[in-house]
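Read through the structure below, which is laid out as structure tokens, and then see the notes.
The values are calculated or read from the model by the stated rules, or taken from the named source; none is laboratory data. Computed from a predicted structure; not experimentally measured. Neighbour counts run over all protein chains shown; Cβ positions are idealised from the backbone, glycine included.
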Amino acid sequence: MPSRKVVRKPRQRRITEERNAASKNLDRMSSLEISRLMNREDQKVAPAVGRTLATIARAIDEIVPRMTMGGRLIYVGAGSSGRIGVLDASECPPTFGVSPDLVRALIAGGKKAVRQSVEGAEDRPKDGARDLQQIRLSKLDSVVGIAASGTTPYVLGAIAFAKRRGALTIGVAANRRSPLAKSAAIAITPEVGPEILAGSTRLKAGTSQKMVLNMLSTAVMVRLGHAYGNLMIDMGEANEKLRERAKWILKEASDRDVSAVTRALRQSGRDLRLALIMLKRGVSAKQARKILQQSRGNLRQALGERPSH
């Protein structure tokens, strides 16, 4: 009886794991030569992200109305990609004064994986679906899958589950032909090319991911009204440095002196929005709160100014 021939599926081509011709002699280079090479390669990242700006803007425009209706922004990743999502999500509460539940990050392997590798965690697509199910994913949520290669099973499982739930799905990958790019409703694919250390996607690919997430979270929060001009009007004041920054922000926004700013902050209970309305409209804290409520939290409207967009 003739033996049956085993047909193996071709391995998914991963641009992020190809060898970079410029760094084939990396271990023979001096410290300065390595630094120069990395600097040259890093200069390719911003243009690569720049070629995806229209898609990034489309994603922002899809996320904002969902969050206005109560949705969340949820990052999903594994390894370095997951940690970049955790970093961006953790910065939103102090920067924009929002709840930690508004921008979430899920990483394969859970909290332990933030500090160290959890073997095999990224290989289980069911875990991605399970983690989204545990936070009660809804159709108003926006799920951003982050994977340099675009092939991470944990992320693909999360995206598939999010699609079944009717949530918005966005893929951030360094390969526009990857499974992640093909399965997500919106694919953001800055192709930065091979890394100088083959497969180490914490380098150019990681930098591109951080740049994309910076744009997504910052633009979404600004569009939702968590900025006045280019000032962090809703920032937290967790330490002395931030308390001084709050005074500076209010001084810049109101064009009033430090004495007036300090008094308004004290009378408003250190609420920057209320303090700004008090200073610019010459009203009490009680009146400022009423004005803000009548404008449904729209600061520009409360100040009698033209909306920013």
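Some observations on this one:
- Region 215-241, residues that are of a type outside the set (G, A, S), loosely packed, with under 14 Cβ neighbours inside 10 Å and touching a helix residue (DSSP H, G or I) at 6+ places or on another chain (Cβ under 8 Å): none
- Residue that is surrounded by the most Cβ atoms within 10 Å (Cβ to Cβ), among those in region 83-125 that are more than 16 Å from I146 (Cβ to Cβ) and of a type in the set (K, R): R124
- Within region 100-127, the only residue that satisfies the criterion of being aliphatic (A, V, I, L, M), under 18 Å from the mean Cα position of the chain (by Cα), over 11 Å from G77 (Cβ atoms) and part of a loop (DSSP other than H, G, I, E, B) is L102.
- Residues that are aliphatic (A, V, I, L, M), within 15 Å of the chain's Cα centre (by Cα) and not in a loop (DSSP other than H, G, I, E, B) occur in region 196-207; there is at least one.
- Filter result for A174 (over 25 Å from A113 (Cβ atoms) and surrounded by 19 or more Cβ atoms within 10 Å (Cβ to Cβ)): no
- Some residue of region 193-200 being under 21 Å from D131 (Cβ atoms) and without any contact (Cβ under 8 Å) to a residue 60 or more places away in the chain: no
- Residue list for region 271-297, restricted to those being touching a residue at least 24 places away in the same chain (Cβ under 8 Å) and surrounded by 14 or more Cβ atoms within 10 Å (Cβ to Cβ): L272, R273, A275, L276, I277, L279, K280
- Pairing each residue of region 244-265 that is in the same structural domain as S284 (by TED's automatic domain parsing) with any residue that is surrounded by fewer than 16 Cβ atoms within 10 Å (Cβ to Cβ) and among the hydroxyl-bearing types (S, T, Y), provided the two are 6+ apart or on different chains, yields C-beta distances under 7 Å for K247/T262.
- Inside region 59-82, residues that are touching a residue at least 12 places away in the same chain (Cβ under 8 Å) and surrounded by fewer than 14 Cβ atoms within 10 Å (Cβ to Cβ) make up a count of 3.
- Condition check for A59: in contact with an Asp or Glu (Cβ under 7 Å, 6 or more places away or on another chain) and of a type in the set (A, V, I, L, M): no
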